[in-house]
Amino acid sequence: MGRAPAEEHRVVAATFSDRVRGTADWDALAPVDGWTARDVIRHLVEWFPAFLEGGAGIELPAGPSVDDDPVGAWRVQTDAIQALLDDPATADAELSNRHVGVVPLDRAIDMFYTSDVFLHTWDLARATGQDETLDPEKCAVMLAGMEPMDEVLRASGQYGPKVPVPADADVQTRLLGFIGRDPLG
């Protein structure tokens, strides 16, 4: 992959934004148990601002309510994060978190947030009948990075139990199964 965090976010967020704009039914059931398409957006716009403020003292601008305007809520957040990543001052900023220690801010955004957006692109696409294709190279990198941390990831409560997939399945299918999604169902 080799893209800088700002460019990686630009690419991943653009794909997710396409799925957001293509969503006609925000109440469609998502592949995360108990979630709708709207809840995918809610998750992304609710957890990350608090994480960023708590770890780096950066407050993102508030967008409209996800209930009233999921497209607008997403747009405000993704634009703010892109502006933060594009700001030259971010190169010297750090994020401190009790689980990961002190990490360069742009790397922390890439590691935690952009990766989350990437994975939830599939959830939103599946919920809304859109193109579910994820970048296979990014899938491979993420799977290789996550597999050694299997126990830690499961213990975090952020991932469900692995879903069995065929050993010869493509890398996207294997990644989705690993994070607890049923890509074949």
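A short reminder: the numbers here are calculations on the coordinates, not readings from a lab. This one's a predicted model, so the numbers in the text were calculated from it and none came from an experiment. In this analysis, Cβ positions are derived from the backbone assuming ideal geometry, glycine residues included, and neighbour counts consider all displayed protein chains.
At a glance:
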read-out: log₁₀ of I(q)/I(0) at q = 0.30 Å⁻¹ - segment 1-50, Debye sum with one point per alpha carbon; value: -1.11
read-out: Relative packing of 151-164, 129-142, 6-19, which averages over residues the other C-beta atoms within 10 Å, highest first; value: 6-19, 129-142, 151-164
read-out: Compactness of segment 40-165 as Cα Rg over 2.2 N^0.38 Å, two decimals; value: 1.12
read-out: Distance between modelled label sites at ALA91 and GLU137, nm, 7 Å Cα→Cβ extension; value: 2.3 nm
read-out: Amide H within-cut-off set for LEU95, under 5 Å, with H built and near neighbours excluded; value: VAL103, LEU105
read-out: Trypsin sites (Lys or Arg not before Pro) within segment 37-123: DSSP coil, no more than 14 neighbouring Cβ in 10 Å; value: ARG98
read-out: Förster-model FRET efficiency, 41 Å R0, VAL152 and ASP69, C-beta, rounded to 0.05; value: 0.70
